[in-house]
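In what follows, a structure is listed as structure tokens, so that the remarks can point back to it.
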């Protein structure tokens, strides 16, 4: 067997492979003999028909196709092993010649080569810039008020709506007189001032009582996520159905005990403060990891195979569509969603390739016990544990990746 190869962009390799007559005959002859022995002609027992009659009955195109498929499979496997390639997509094969043997062209997409930059230096620089986590009095007060708000007593109010009140509204939005999909709601409740709606919407509710009908316009931001609404004026019709006072309980020892695991209000405050600090430290760690990965990618040479980006993009789109409401789905076409998520897909592929390469270089392989622990944690989720369509192998592979990535980041952070 002889072959020539040409490397193309997107981790694509184009091969031209030639098997001479004798090489291809080793594949063709057994298939032909099997087909010949299987010929059934009327009036003859299997295998007893005259050879010239039996040969005419053999489907030679089928024989060639079967022999060629096996020859192509074996040839590509041999070339892959010789070059230590890992295919990430089905080869595209075209037979070029079949008269004096077999000649074919194959287009392969292989796992890309990743040349990692000086990540030790990058890690030290990023971590040296790490900011110390500090909890402000405003953050603590906001979290305490959230806890108190979760136990608030809701009472109908006769006064005008103000920040902090719970309001119930019915609304509809339109652009240039045409109803806007997704910009309507019935009996929608929210707390004024929390910013659930587009900037400007809640401000127009403030100062109005139950039963009032309002009409106002809001200019959507120039950087709004949906392109055709950027910098657009949206007209709203709103009915304020109800305004409610939220009567917060007093933060005292009795309230703290009522939550079940605290003896005093100070115990509750300390727990809230510890929770804020834990969240801040986790966010800072995640922020640093993202920065480390971003800088390593910049300092590395990576070719992103188109097929990898497309698969990742399809997964991101599917995840997005599974999370959003039917009303939001109507606001964007699949192509618009893909366009918006394309950079994220490319970044995700680049990150995964870097993590994989570092894990390979440093031999950071998860143990079976670690993967099983992660798998069990995943399956302990009540939603997944009840899903009969969950593929155990896919869960195991997913868990393997999670553990391996964690090991890589722990290794990188140890370089500081």
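Just so you know, all these numbers are worked out from the coordinates, no wet-lab data involved. Bear in mind the structure is a predicted one, so any value in this text is a computation, not a measurement. As a convention, Cβ positions derive from the backbone with ideal geometry for all residues, glycine included, and neighbour counts pool all protein chains shown.
Just a few scattered comments:
- In degrees, nearest ten, helix 265-298 long axis to first principal axis of the chain (Cα): 40 degrees
- Translational diffusion coefficient of the range 265-416 (Stokes-Einstein, Kirkwood radius from Cα pairs, 10 °C, 1.306 mPa s): 86 µm²/s.
- Note: relative contact order over the range 65-166, using C-alpha pairs below 8 Å and six or more positions apart, is 15 percent.
- Taken over the range 2-111, the convex hull of the Cα atoms encloses 108 Å³ per residue.
- Relative contact order %, the chain, counting alpha carbon pairs below 8 Å whose residues are six or more apart: 16 percent
- Between helix 21-37 and the chain: long-axis angle, C-alpha atoms, 0 to 90°, nearest 10: 90 degrees
- Pairs of Cα atoms farther than 19 Å apart, the range 152-247, %: 40 percent
- With respect to the chain, whose longest principal axis is taken over its alpha-carbon atoms, helix 368-379 is tilted by about 50°.
- Radius of gyration (Cα atoms) of the chain, expressed as a multiple of 2.2 N^0.38 Å: 1.51.
- Mean residue ellipticity (222 nm) of the chain, computed from DSSP H runs ≥ 4 via -39,500 (n - 2.57), nearest 500: -16000 deg cm²/dmol
- The range 268-317 and the range 43-105: distance between their alpha carbon centers, rounded to Å: 49 Å
- As a proxy for reagent exposure, 323, 308, 1, 53 were ordered by neighbouring Cβ count within 10 angstrom, fewest first; the result is 323, 53, 1, 308.
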